[in-house]
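Structure, as C-alpha cells:
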Amino acid sequence: MQALRIAIFLIFSAFCSAAAAQPLYGIAMHGDPALPADYTHFPYVNPNVKKGGHINYGVVGTFDNLNPFILKSMRTTARGMWDPDYGNLIYESLMQRSRDEPFTLYGLLAQTVEWDDSRSYIQFNLNPNAKWSDGQPVTPEDVIFTFQLLHDKGRVPFSSWLDAVGKIEKVGDHSVLVRFNEKANRETPLIIASSLPILPKHAIDSDSFDRTTLSIPIGSGPYRVKSIDPGQRIVFERNPDYWGKDIPSKVGVDNYDEISVNYFLQDTTLFEAFKKGDIDIYPDGSPGHWQVAYDFPAVTSGAVIKDVFKPQLPSGMFGFVFNTRRPIFANKKVRQGLTLAFDFEWVNRNLSSNAYTRTESYWQNSDLSSFGVPADAHELAMLGPIKDRIDRDVLDGTYKLPVSDGSGRDRAILRKTVDLLKQGGYTIKGEKMVDSAGRQLSFEIMTQNADQERIAIAYRRSLALLGIAVTIRTVDDSQYQRRTISYDYDMIIKSYPSSLSPGTEQLGRWSSTAAKTEGSFNFAGVADPDVDTLMSHFLTAHSAEDFRDAVRSFDRILISGYYLVPLYHIDQQWVARRSRIAHPDVLPLYGYQLPVWWDASVQ
C-alpha cells in the first residue's frame, strides 16, 4: 500500500510539474536564448533577400538511396535530404538550431516547448500550420510514429538517441509529451528536438523502411525532389506551398528555386567542373591548392570570387586514427611511439607551404581545451581516481608534441620513438622493427583521395627509417564506406569537428557501446569505462564551470590515450564561388552557412 501511495504521489507530482511549465519559444543547453521572444530572424541571414534562381553543388562520391536514416547505404544517401551543409531540404526537426550560439534552439515544427528544471521531460507544441508536402497536417501521431520507427529500424545515432525516451504520448490536438528514462542526460531534450527528423506516418511503410529506396519522399521541408539521375545528380525544387517560409527561424533561409547536387568520381574532376562554371561553389581545404590553383580566366575577370571566413570555433581533431581493435595498436606505448614519428614540420613546409598549426587538443583555441592549462583543484576533484590514468604532462598543462628539425629524420625524436616501441614489445633487428616472435611491425593506411595519400606517404617515409612496413591503399568511395562501417582497416585519416557545446555526439565517437556498434563513428574502437565516465560528466553538468572542466578532463584522457596521430588545423574557411552567388555580411559563430546564401542574379 505504501509503495502504491508513493507511485501515485510521483505521478501526481510529475503531472503538476508538467502543468506548471510555461511554453518557451527557445531553449539553450546552458543559460537562456540570446534572441528575444519577438525575434524576427537569425542575425546571420539577409531577411530581405530576393528568393529565386538556382545553385549547383558538387560532391565526390555516389548515391543509391534517398533514406538517410537507415544503416544500409548510410554514407551513400543523396546529399540534401538531411544535410548539415546544404540544409535539411526534405525533412525537418522539431526545433531549429541557431548557428550563432553554442547550442540554442528555436521553434520550427514545434512552435513552443515546455520542460522542467531537471529536464526529465519535454513537451513539443506543434505549429498548427505545419504541413507535409502533400498538404496533410503534421500531427502528434507523426511524431510518435517517427520516434518508434527510428528506435526500431533507424541507424545509429538516431536509434541510440531514442533509447533515452521512456514514454511518449499525445497531449491535446497539437502536443506531444516525451518523458525520459535513466539513460537520458541534460542534453537529451535538445538532441531530440534538433537532431531527429519527423516523418509522415501516412506516407511511410514501416515494414520496408530499413531498405534502400529511390522513391520520391514526402517531407515537411522547403523543397521537393524534382529529378534523380542515380549516382550522378539529384535536383530539388522549392515547394511553393512550404508552410514554414515566414516563421522567424526560416526567414532568409532556403533562397533558391532550384538546388542541384552533382556527383564526381574524384575531386580533380569536380574542380574542373567548377572552373568551367558547371558548379557554383567549391569549398577548398588544401592550402597549396588555395594558393596556386585559381589562376584561370574566371578568377581574373571576377566571375569567381575567393572568400576567407574566420569562424569562432575550436580546432577539432584531424589525424591518423589507430583502430585499437587490431592487436598491433592495442598497446598505448606503441601508439605513442608511432605518434611521435610523424614529422609535422617537414610535412607542413614541404606539402602545405607552412599554412598549418599542429593540433594538440580536441578543443584547441577555445576555453574548453586542456592544452597548456594545468588541472585545478575543481577539475582534479571531478577526475577523482581517473587522474592517475592521465599522463602527468597532460595533467599539469606542459604536454606538447615534439618539434622536429624539419629534416624528415630528426634523430632525437626517432630515438624516443624507438624507446616507446621497445616498451610496447618491439625492437630493431636486421633493420626491421619486430616483436618477440620476430614479426615485423606492419600495417595498412586506407585513404580516400590524393591529398590523404600524400600525407600517408610522408608518414610512411618516416616510419620506414625505423624498419616499420606501411602499405597505403587508396580505395573508391563505396569500398571506403563498406570498410569503415565494419571497421575493416588498420588506420584511416579522419576529421573530428568540435563545437562549443560538445555533447551526445561524443558518445558515438568514443563510447564503449559505440565501439561495438556497426556503423558508429567510434573509428578508433575506444572501449574504456573511464572515458565513458568523463563523457557523463559534461553531459550532466549544470553550471558553465562544471561543463568547461568536464570537457577539459575528457580532452586530457583522449590526448593521453593516443588514439590518433594528431595532424593540423587552420583557423580559416576557404570557399570559392561564382560571383552571382552572394552571402550575408554577418558571419555566425560556426562559420559560413550555405543555406542562407542566395542567387544575386535574380531581379
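The values are calculated or read from the model by the stated rules, or taken from the named source; none is laboratory data. Keep in mind that this is a model prediction, so the values were computed, not measured. With ideal geometry, Cβ positions are generated from the backbone for all residues, glycine too; neighbour counts draw on all protein chains shown.
Numerical summary
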quantity: Region 504-527 - residue that is of a type in the set (A, V, I, L, M) and in contact with a Gly (Cβ under 9 Å, 6 or more places away or on another chain) and, of those, nearest to ILE493 (Cα to Cα); calculated: ALA524
quantity: Test: residue in region 299-306 that is touching a residue at least 24 places away in the same chain (Cβ under 8 Å), hydroxyl-bearing (Ser, Thr, Tyr) and either outside any helix (DSSP H, G or I) or not assigned by TED's automatic domain parsing to the domain that holds ALA130 (or both); calculated: no
quantity: Qualifying residue in region 446-457 (condition: surrounded by fewer than 18 Cβ atoms within 10 Å (Cβ to Cβ) and in contact with a Phe, Trp or Tyr (Cβ under 9 Å, 6 or more places away or on another chain)); calculated: no
quantity: Boolean, VAL176 is buried (at least 21 other Cβ atoms within 10 Å of the Cβ), without any contact (Cβ under 8 Å) to a residue 60 or more places away in the chain, over 30 Å from THR533 (Cα atoms) and not acidic (Asp, Glu); calculated: yes
quantity: Any hit, region 246-253, residues being in contact (Cβ under 8 Å) with a residue 60 or more places away in the chain, surrounded by fewer than 17 Cβ atoms within 10 Å (Cβ to Cβ) and either more than 26 Å from GLN603 (Cβ to Cβ) or in contact with a helix residue (DSSP H, G or I) (Cβ under 9 Å, 6 or more places away or on another chain) (or both); calculated: no
quantity: Scan of region 73-102 for residues that are assigned to a strand (DSSP E or B) and either of a type in the set (S, T, N, Q) or at pLDDT below 95 (or both), ordered by number; calculated: THR77, GLN96
quantity: Residue in region 33-56 that is assigned to a loop (DSSP other than H, G, I, E, B), in contact with a strand residue (DSSP E or B) (Cβ under 7 Å, 6 or more places away or on another chain) and modelled with pLDDT under 95 present; calculated: no
quantity: Among residues of region 431-443, those that are surrounded by fewer than 14 Cβ atoms within 10 Å (Cβ to Cβ) and either part of a strand (DSSP E or B) or touching a residue at least 12 places away in the same chain (Cβ under 8 Å) (or both), counted; calculated: 1
quantity: Residue within region 480-488 that is hydroxyl-bearing (Ser, Thr, Tyr) and over 30 Å from PHE271 (Cα atoms) present; calculated: yes
quantity: Residue in region 547-564 that is hydroxyl-bearing (Ser, Thr, Tyr) and touching a strand residue (DSSP E or B) at 6+ places or on another chain (Cβ under 9 Å) present; calculated: yes
quantity: Positions within region 24-78 being of a type in the set (Val, Ile, Thr) and touching a Lys or Arg at 6+ places or on another chain (Cβ under 6 Å), in sequence order; calculated: VAL59, ILE70
quantity: Pick from region 207-245, criterion in contact with a helix residue (DSSP H, G or I) (Cβ under 6 Å, 6 or more places away or on another chain) and at pLDDT 95 or above, ranking: farthest from GLN148 (Cα to Cα); calculated: GLY244
quantity: Of the criteria (1) within 21 Å of the chain's Cα centre (by Cα); (2) assigned to a helix (DSSP H, G or I), which one ILE455 fails; calculated: (1)
quantity: Test: residue in region 215-224 that is within 27 Å of the chain's Cα centre (by Cα) and more than 20 Å from ASN88 (Cβ to Cβ); calculated: no
quantity: Qualifying position, being assigned by TED's automatic domain parsing to the domain that holds PHE344 and free of Cβ contacts under 8 Å to residues at least 40 places away in the same chain, among ARG454, ARG392; calculated: ARG392
quantity: Checklist (1) part of a strand (DSSP E or B); (2) touching an Asp or Glu at 6+ places or on another chain (Cβ under 7 Å); (3) touching a residue at least 24 places away in the same chain (Cβ under 8 Å) applied to GLU237, failing item; calculated: (3)
quantity: Qualifying position, being over 24 Å from ASP376 (Cβ atoms), of a type in the set (D, E, K, R) and modelled with pLDDT of 95 or more, among ASP555, ASP532, ASP599; calculated: ASP599
quantity: From LEU564, LEU507, LEU534, LEU587, residue being out of contact with any Leu (no Cβ under 6 Å at 6 or more places or on another chain), of a type in the set (A, V, I, L, M) and surrounded by fewer than 21 Cβ atoms within 10 Å (Cβ to Cβ); calculated: LEU587
quantity: Residue list for region 377-425, filter: within 22 Å of ASP528 (Cα to Cα), among the small types (Gly, Ala, Ser) and within 29 Å of the chain's Cα centre (by Cα); calculated: none
quantity: ARG482 being at pLDDT below 95 and under 22 Å from GLY525 (Cα atoms); calculated: yes
quantity: Looking only at region 246-298, and only at residues there that are at pLDDT 95 or above and aromatic (Phe, Trp, Tyr), the one that is farthest from TYR57 (Cα to Cα); calculated: PHE296
quantity: Helices (runs of 4 or more DSSP H) enclosed by region 328-410 - at least 3 residues per element that are surrounded by fewer than 19 Cβ atoms within 10 Å (Cβ to Cβ); calculated: 344-351, 377-383
quantity: Residues that are out of contact with any helix residue (DSSP H, G or I) (no Cβ under 8 Å at 6 or more places or on another chain) and hydroxyl-bearing (Ser, Thr, Tyr), drawn from region 190-206; calculated: SER194
